[in-house]
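Notes to accompany the following structure.
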Amino acid sequence: MSRITQSMSQLLTSFGPGAMMDLPTRSVLVAGLDHWDARQTAFKSIEEPRLAALLHKVLSENNRWDPSKPVKFRTPPIARDVRNGAEPDGVQVRVFPTWFTCEGLSASGAPDPRRRRLVRWEDLEANGRKKFQRPEDRKKVDVTPIRFVGACEKGHLQDIDWKWLVHRGDKCAEPMWIEEEGSSADPANIRIGCDCGRPSVSLADAFKPGFLGMCHGRRPWLDSHEPGCGERLHFLSRSATNTYFAQTVTVISLPTQEDALSTAIRRHWTSLQGATDPHFVSVLRNVPEIGAALSGYDDAEVHARIVQLREAATLDAAQDPKIAEFDLLGSGRAVIGSDGPREPLFAETLADLKNVKPKTIDDEDFIDSIVAVHRLKAVMCLYGFTRLEPSPTIAEAMLEDVRLAVDGAPLAEFTDWLPAMEQLGEGIFIKLRSAALRTWAARTKVRLRSDLLERGLLRHDQKQGTRQANPGLPYLLLHSLSHALMQEIALECGYPLSSLKERVYALASSRSDVPDRFGLLIFTASAGAQGTLGGLAEVAERTPELIKSALERLRLCSNDPVCADHDPSLAGGERHLHGAACHSCLLVPETSCERRNVFLDRALLVETVANVDAEMFP
């Protein structure tokens, strides 16, 4: 086991516990949270009661969290100056896979680059284990981690048993080989053989159901396994994108109008939220920071306020966290939040946009208000991961009947905290008129387009064996507009498109109600300087012009007519969750999109060469 250091955002999105990572001489697996540095100097605690209550509710209901434990947040280990040869703070990793390939010899004794020997980790030299000593000529040769691993739908991960694959249970001690027959790395051109003379196996067969055998419940990022898994192993390339899908949730921190006691409690919420009685508060006063913050208040008063805040957080957790964000940003107040260095949100609603508002059908105003968000704080938390198939967002899991073919995997054996990070930034919020969207959605051609997109979703579910929630036609419209606007903003204000993010609001007050809250938040937030440049909030006044320019660009795509004519409901096709959308018009970097670049259709926004007559903006 070794130790590495990564950026916070990478550890929460791409390289969290259970993710594989390529190093110069081997591939490693990031260990569980139990093996991350837990020294007080290695991390920073994060206070976000709304997010803590939300995750406690959702994870407890899904048996992924002990209901008796409060959810606490910490940053991943933070790099610091290291002196006197001390080991830096970081996370531990484990070598995986433990099968390697090395240069082999042909029958004549010459090196054969197309026939490589398969060796195990324990076969390598003891000193550093970077080379393998060939028995034939005692030469030490470099090794490379094998490219293929096995995973199951419960998130388990293991080495493929190459000996079993060739011998099907018969014992054999002869050397194993991987042989490449073609000029490409296609598995169909790769065979696994043995010197014992058994027929070699083509890796093209590895994709057949059951060919790799059953999963053994391995969890190499943790210290335990789950025997008796019962799922079939799936053949994966260790560098493929479907080996790891992080389960993350992000909330925008909101200002609260509260007195000094509530403010003090929230700043130490991680420690105080579990208070069971006034005596518990009395004990916590021995911590100097907490004692100073609660000075002047008796224990009973502090405990009563903690109970009150805890109950309020529980009520907030019962609804989509976006609802509170929308209600505040779309409130119409001239000033939202306050302009202070420690305040989580400061925004201003723009006053006069009449001369440049784009018009929809029936000449109704489409934009209700635009808010320049000068400062915001986004808190992102990693709470699990899946393999083979991405999970739904946490809002979908809360509010919809979402059924996946895969299960979320745990981040640790035993822990009472989750990795999180705070990102500071700015943004633009756009509140849209619900009447305009309802008028548009009632048109006959729009309903026909909606039916086509819904058939595409059903086709996707049949193909993948899943049941995904339909976000609804208004969401597709706003999501497509958001992507178009992000691309236009990136051209205008100088931010790289990958640094922009979106939050799409197509919300209802309850599960049975029709959505009545519609809006977009385009923001940039990061731990570095890109989130504090001020350029995004400055272009808020030009948002209507940017929308007009973005819509004009969407009328013609360089992939038309193929893009515009795409039918997501075709059985033999792909991209069942897209309408008219491709990399040339609507798709953005995965880090920018809240729905992994699906549920997009520019035909809902503007007229395309397909002329489906379902556009919002004629």
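Could you give the DSSP H helices of the chain that reach 15 angstrom or more along their long axis (alpha carbon positions) and whose average Kyte-Doolittle hydropathy is no lower than 0.0?
Membrane-span-like by this criterion, though nothing is claimed about a membrane: 49-61, 473-493.
Under the rule of at least 5 residues apart or a separate chain, name every residue whose amide H is placed under 5 Å from the amide H of GLN247.
TYR383, GLY384, PHE385, THR386
Can you sort ARG387, ARG115 by how many other beta carbons sit within 10 Å, fewest first?
ARG115, ARG387
Gain in length, ALA469 to GLU61, computed as 0.36 nm per residue apart minus the alpha-carbon separation, to one decimal in nm? Kindly include the intermediate steps, with their values, before the conclusion.
Working: separation 408, 0.36 × 408 = 146.88 nm, distance 1.91 nm.
Contour length minus Cα-Cα distance gives 145.0 nm.
For the chain, what does the helix formula give at 222 nm: sum of -39500 (n - 2.57) over DSSP H segments with n ≥ 4, over the residue count, nearest 500 deg cm²/dmol?
Calculated from helices alone, the mean residue ellipticity at 222 nm is -7000 deg cm²/dmol.
To the nearest 20 debye, what is the magnitude of the charge dipole of the range 169-211 about its Cα centre, counting +1 on the Cβ of each Lys and Arg and -1 on the Cβ of each Asp and Glu?
200
Compute the FRET efficiency between PHE414 and ALA300 as 1/(1 + (r/R0)^6), taking r as their Cβ-Cβ distance and R0 = 25 Å, and round to the nearest 0.05.
For PHE414 and ALA300, the calculated efficiency is 0.15.
Can you put SER27, SER68 in order, fewest other beta carbons within 10 Å first?
Ordered from fewest to most neighbouring Cβ atoms within 10 Å, SER27, SER68 come out as SER68, SER27.
So who's got an amide H within less than 5 Å of the one on CYS194, skipping anything under 5 residues away but keeping other chains? H placed 1.01 Å off N, in plane.
TRP177
When Rg/Rh (Cα atoms, Kirkwood Rh) is calculated directly from the model, which label among (i) 0.98; (ii) 1.01; (iii) 0.95 fits?
The calculated read-out lines up with (ii).
If R0 is 45 Å, what FRET efficiency do you get for GLU231 and ARG438 from their C-beta distance, rounded to 0.05?
Values: r = 45 Å, r/R0 = 1.00.
After rounding, the FRET efficiency stands at 0.50.
Take LEU556, LEU411, LEU452 and order them by how many other Cβ atoms sit within 10 Å, fewest up front.
Ordered by Cβ neighbours within 10 Å, fewest first: LEU556, LEU452, LEU411.
Applying 1/(1 + (r/R0)^6) with R0 = 25 Å to the Cβ-Cβ distance of LYS445 and VAL562, what FRET efficiency is obtained, to the nearest 0.05?
0.70
Return the whole-Å distance between the Cα centroid of the range 446-485 and the Cα centroid of the range 258-312.
Using only Cα atoms, the two centres lie 46 Å from each other.
Just name one of PRO77, LEU546, ILE336: the one whose Cα is farthest towards the positive end of the charge dipole of the chain (beta-carbon charges, Lys/Arg +1, Asp/Glu -1).
After comparing all options, I get PRO77.
Among the lysines, which have Cα under 30 Å from the Cα of LYS69 when same-chain residues fewer than 8 positions away are ignored?
Within the straight-line limit of under 30 Å, LYS69 reaches these lysines: LYS44, LYS57, LYS154, LYS322, LYS377.
How far, in nm, would the chain grow between SER498 and SER331 when pulled straight, counting 0.36 nm per residue and subtracting the alpha carbon separation? Could you put the intermediate results ahead of the total?
On the way: separation 167, 0.36 × 167 = 60.12 nm, distance 2.93 nm.
Going from the current span to full extension adds 57.2 nm.
Using each residue's phi in the range 273-286, evaluate 6.51 cos²θ - 1.76 cosθ + 1.60 at θ = phi - 60° and report the 3J(HN,Hα) Karplus result to the nearest Hz, with x for Gly and Pro.
So the Karplus estimates, Gly and Pro as x, are 5, x, 4, 9, 6, x, 4, 4, 5, 4, 5, 5, 5, 5 Hz.
Cβ under 12 Å from ASP613's Cβ, ASP613 left aside: what net charge do those residues give with Lys, Arg +1 and Asp, Glu -1?
With Lys, Arg at +1 and Asp, Glu at -1, the neighbours total +2.
Here, each number is a calculation from the coordinates, and none is a lab measurement. Because the structure is a prediction, the values reported are computed rather than measured. All Cβ positions, glycine included, derive from the backbone under ideal geometry; neighbour counts span all protein chains shown.
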